[in-house]
Amino acid sequence: MVHNALSKQSAVGIDTTAIRIRESVIERRARFRGLAEPLSLLMALAVLIVVFSLLNERFLTTSNFQNVLTQSAIPLIVAVGATLVILLGSIDLSVEGVMGATGMTWILLSANSRGGVDLGPWAWVIALGVALVLGVASGLIFTALKVPSFIVTLGMWYVGLGIATMLYGTDLLPRLEDEGLKGWTSRISFGLPNSFWVALLVIGLGILVLRSTRIGRVTLAIGNSETIVRSAGLPAFRVKVAVFAIAALLSGLGGILATVQLDIGSPTVGSGVLFIVIPAVVIGGTHLGGGKGGILRTVLGVFLLTILNNGLILSGVESSYQSAVTGAILVAAIVFAAWSQRDRLRVAK
Amino acid sequence: MTKIESETTKIDRETTKLAVPVRAKFQSVKRIGGWHAIGPIVIFVAILVVVAILTPAFIGGGGLAIIASSSAPILLLALGQAMVLNVGSIDLSNAAIGLLGAILLALTLGPVAGLSPLIVLLATTAFGAVNGLIVAYAQVPSFALTLGTLGIFQAVALVASGRTTVYVSSNGEGIHALYESGIANVPLTFWMGVLVAVSLWVLLRYTRIGRGMTAIGKNESAAIFSAVRTRSLKVLAFALSGFCAGLAGIAIIAQAGSASPTGLGSDLLLPAIAAALIGGTSISGGVVNPLTVIFGALTVALVPIATTAVGIDAQAQSLVYGAVIIAVVALTMSRNKASIVK
């Protein structure tokens, strides 16, 4: 009634009811589609869990559950940052380099078998500072010099690895000597491994940043259309640098935790993480073009890949096949997601 | 007052109206003719001169031949990558395909001898074509797709080789001769790369197929509307990448006589991408010159040698390498103030 009254009042007198109904249908459909994708992921997870628990009774035990959570903690932390970067429409390949540099800095400044200084908590601050510098450098080169993020972070991967290798030097490998920290990541408190608690905190903060801060909202907007963001006078430059800094900080945190978990400092502490994180983000349904997706979807993606790998190993599948499984799922996920939108005139890069 | 102000703004507007197209024209001339063609060569020569001054023995002692021979697999992979980048996609799986090709070659040289390289090239071309078919017909982003197939090819290589180094058991002489014999002290594997580069250059420059590929990279929608066969050309670009990867696999076997799923070849993906980019290929597509990619590959092979010559610690090499990649692309990239870089 109100709608009709309004349309009658308008000068031209066009009846917009049909358009409004159409809009509400589109909105409802969009809401359904937004739910359908995570739901299908959840269903895939449930199917996996049922199949694996039938194949091996060790799969559905508390200890294996905690094991899976420990394994997924570091990819989860790194993936939160990667999701933010991909939401911009960019990509962060520097993950493994930043992890190496941060991990090495941290262990050399903590109590380790090489001796040297033990700065305690300051080691964390300085190591994360290294990560921050690498992230800000990536962000600044990307935004100010307009070098594609693919190249910048590819270079930064090597720079991080180089820093880590230089810190590693030619001495014996530095072993963690702090008894309180040894094995901290997989220790259980309140039923969950410590590293998973950290991951939960990071995920919570990440969702908060994305949902209710200016950085998060502008990040999504940049992914949708940077031209509009700029003409609206929003701080695209600063937000892009900030997102790369956040991503590097989270990679750094992942690097420190991975070093604690490994017990030894190594420049290649992050090796293989990139091949879990990016597929996880994409499988979760975040668009590589940016603007669409979210952190919780990525969490589902990480869980899908970790549970799959864990279950396959428990079912006696050789570890050689692991990368094929991750790869095949990634291919299946993107083909599945793109199939309904196929169109002769659509451009997919 | 107000009248004068409005007059000046009017003039301002007019001059800017004039200035914009002129500036754009200048930029495009500079971009096509100048820096893109010469940049990669200048960079290579500059680094080479620095190395020659610091360690004169390097040039006299056949250093150039060493660089050329070590750059052969990178060059072949980079050429394939450049073709895929040219259509606006990326192939992250080509180094894995190359490595799988090398392992297949090492495994089959004994039983089927001379047919083996042919089988390998057919197989790798088919692998590349499958990538292309999925990208073109399922319309998925090539970055994610080839990341996925990278994992699959890696696993196949691990399983086929049994996680160990595979040695050529017999009939390896013919392949090995590609590395042992050469022209001007440079192994045939490198000249093979040069030959491929020249053929690709001809393809891109003088044929309808090549022009179509570049058109896709420049503006895919426009190419579709201009009746360019975008899908088949994309498949062809990926197939060429697979073919080049197969040649790189042959070059690896020629050089090392063996292939391991974790050894030479598994670390070639990023150097090859770097070589293509330093060689002036645009990451967003539509700009490529296979001939300058040769210098891109040579530069990539020269960087580790140059860092040692300058006296930088061997441990700092990857740091320098990363910095060089960023710096070179920042220098050679064509950019436009209003453009959006992702």
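The values are calculated or read from the model by the stated rules, or taken from the named source; none is laboratory data. This one's a predicted model, so the numbers in the text were calculated from it and none came from an experiment. For neighbour counting, all protein chains shown are included, and Cβ atoms are generated from backbone atoms with ideal geometry for every residue, glycine included. Surface accessibility is based on the protein's heavy atoms, side chains included, excluding ligands, DNA and RNA. Shrake-Rupley method; radii C 1.70, N 1.55, O 1.52, S 1.80 Å.
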Any chance A:M166 is in contact (Cβ under 8 Å) with a residue 60 or more places away in the chain, within 14 Å of another protein chain (Cβ to nearest Cβ) and aliphatic (A, V, I, L, M)
no
Selection from segment A:155-183 of residues under 27 Å from the mean Cα position of the chain (by Cα) and surrounded by fewer than 18 Cβ atoms within 10 Å (Cβ to Cβ) yields A:L181, A:K182, A:G183
Suppose we keep only residues that are within 15 Å of B:I38 (Cα to Cα), open to solvent by less than 20 Å² (accessible area, probe 1.4 Å) and assigned to a loop (DSSP other than H, G, I, E, B) within segment B:267-294. Which one would you say is nearest to the other protein chains (Cβ to nearest Cβ)?
B:T281
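Can you tell me how many residues within segment A:281-296 are crowded, with 21+ Cβ neighbours inside 10 Å and within 11 Å of the chain's Cα centre (by Cα)? Spell out the reasoning first.
Quick first cut of segment A:281-296, residues crowded, with 21+ Cβ neighbours inside 10 Å only: A:281-286, A:288, A:290, A:293, A:295.
Next cut, within 11 Å of the chain's Cα centre (by Cα) only: A:281-282, A:284, A:286, A:295.
Residues flagged as crowded, with 21+ Cβ neighbours inside 10 Å and within 11 Å of the chain's Cα centre (by Cα) within segment A:281-296 amount to 5.
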Please specify each residue of segment B:202-251 satisfying the condition of being of a type in the set (V, I, T) and either open to solvent by 40 Å² or more (accessible area, probe 1.4 Å) or assigned to a helix (DSSP H, G or I) (or both).
B:V202, B:T207, B:I209, B:T214, B:I216, B:I224, B:T230, B:V235, B:I250
If a residue counts only when it is among the hydroxyl-bearing types (S, T, Y), which helices (runs of 4 or more DSSP H) contained entirely in segment A:159-251 have at least 2 such residues?
A:194-212, A:226-231
Which of the residues that make up segment B:96-152 are of a type in the set (V, I, T) and open to solvent by 30 Å² or more (accessible area, probe 1.4 Å)?
B:T108, B:V112, B:I119, B:T125, B:V130, B:I134, B:I152
Do you know which residues across segment B:177-191 are within 17 Å of B:F243 (Cα to Cα) and open to solvent by 40 Å² or more (accessible area, probe 1.4 Å)?
B:W191
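When segment B:295-318 is examined, which residues are found to be open to solvent by 40 Å² or more (accessible area, probe 1.4 Å) and within 12 Å of chain A (Cβ to nearest Cβ)?
Scanning segment B:295-318 gives B:P304, B:I312, B:D313, B:A314, B:Q315, B:Q317.
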B:V84: buried (at least 24 other Cβ atoms within 10 Å of the Cβ), facing chain A (nearest Cβ under 9 Å), touching a Phe, Trp or Tyr at 6+ places or on another chain (Cβ under 8 Å) and assigned to a helix (DSSP H, G or I), yes or no?
no
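Let's see how each residue does on (1) within 14 Å of chain A (Cβ to nearest Cβ); (2) of a type in the set (F, W, Y); (3) in contact (Cβ under 8 Å) with a residue 40 or more places away in the chain:
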| position | (1), (2), (3) |
| --- | --- |
| B:F225 | yes, yes, no |
| B:R229 | yes, no, no |
| B:F238 | yes, yes, yes |
| B:G242 | no, no, yes |
| B:A248 | no, no, yes |
| B:I252 | no, no, yes |
| B:S258 | no, no, yes |
Can you tell me which residues in segment B:151-178 are in a helix (DSSP H, G or I) and at pLDDT below 80?
B:E173, B:G174, B:I175, B:H176, B:A177, B:L178
Suppose the filter is in contact with a strand residue (DSSP E or B) (Cβ under 6 Å, 6 or more places away or on another chain) and of a type in the set (S, T, N, Q); does A:Q71 pass it?
no
Considering residues of segment B:252-266 that are assigned to a helix (DSSP H, G or I) and of a type in the set (A, V, I, L, M) only, the residue surrounded by the fewest Cβ atoms within 10 Å (Cβ to Cβ)
B:A256
When every residue in segment A:261-272 that is in contact with a Ser or Thr (Cβ under 8 Å, 6 or more places away or on another chain) and closer than 21 Å to A:F196 by Cβ is compared, the one farthest from the other protein chains (Cβ to nearest Cβ) is A:Q261
Spot the failing condition for A:G180; the list is (1) more than 14 Å from chain B (Cβ to nearest Cβ); (2) within 18 Å of A:T268 (Cβ to Cβ), and only one is missed.
(2)
Considering (1) over 17 Å from A:L55 (Cβ atoms); (2) touching a helix residue (DSSP H, G or I) at 6+ places or on another chain (Cβ under 9 Å); (3) buried (at least 17 other Cβ atoms within 10 Å of the Cβ); (4) at the interface with another protein chain (Cβ under 7 Å from one of its Cβ atoms), say which one A:A338 fails and leave the rest.
(2)
I'm told B:S70 meets every condition in (1) closer than 23 Å to B:S241 by Cβ; (2) open to solvent by less than 10 Å² (accessible area, probe 1.4 Å); (3) among the small types (G, A, S); (4) in a helix (DSSP H, G or I) except one. Can you identify the failing condition by its number?
(2)
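Would you confirm whether or not segment A:91-100 contains a residue that is under 20 Å from the mean Cα position of the chain (by Cα), surrounded by fewer than 24 Cβ atoms within 10 Å (Cβ to Cβ) and in contact (Cβ under 8 Å) with a residue 12 or more places away in the chain? Full working, then the answer.
In the first step, residues of segment A:91-100 are kept if they are under 20 Å from the mean Cα position of the chain (by Cα); the result is A:91-100.
Imposing the further condition that a residue be surrounded by fewer than 24 Cβ atoms within 10 Å (Cβ to Cβ) reduces the set to A:91, A:93.
From what is left, the residues that are in contact (Cβ under 8 Å) with a residue 12 or more places away in the chain are A:91, A:93.
The answer is yes, given that some residue of segment A:91-100 is under 20 Å from the mean Cα position of the chain (by Cα), surrounded by fewer than 24 Cβ atoms within 10 Å (Cβ to Cβ) and in contact (Cβ under 8 Å) with a residue 12 or more places away in the chain.
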Report the residue count in segment B:55-93 for those that are of a type in the set (S, T, Y) and either under 12 Å from B:A251 (Cα atoms) or at pLDDT below 85 (or both).
4
Total residues in segment A:126-140, condition surrounded by fewer than 23 Cβ atoms within 10 Å (Cβ to Cβ) and within 12 Å of chain B (Cβ to nearest Cβ)
2
Could you go through segment A:314-326 and let me know if any residue there is away from chain B (no Cβ under 14 Å) and on the phi < 0 side of the Ramachandran plot.
yes
For segment A:304-313, give me the residue count where each residue is away from chain B (no Cβ under 13 Å) and closer than 24 Å to B:L92 by Cβ.
2
Total residues in segment A:2-25, condition modelled with pLDDT of 80 or more and either touching a strand residue (DSSP E or B) at 6+ places or on another chain (Cβ under 9 Å) or of a type in the set (A, V, I, L, M) (or both):
4
I'm trying to understand the selection: among the residues of segment B:319-342, which are modelled with pLDDT under 80, surrounded by 19 or more Cβ atoms within 10 Å (Cβ to Cβ) and not β-branched (V, I, T)?
B:M333, B:K342
So is A:L119 modelled with pLDDT under 85, open to solvent by 10 Å² or more (accessible area, probe 1.4 Å) and of a type in the set (A, V, I, L, M, F, W, C) or not?
yes
Criterion (open to solvent by 20 Å² or more (accessible area, probe 1.4 Å), touching a residue at least 12 places away in the same chain (Cβ under 8 Å) and acidic (D, E)) met by exactly one of A:E37, A:E57:
A:E37
Hey, among B:I90, B:I103, B:I59, which residue is touching a helix residue (DSSP H, G or I) at 6+ places or on another chain (Cβ under 7 Å), assigned to a helix (DSSP H, G or I) and closer than 30 Å to B:P141 by Cβ?
B:I103
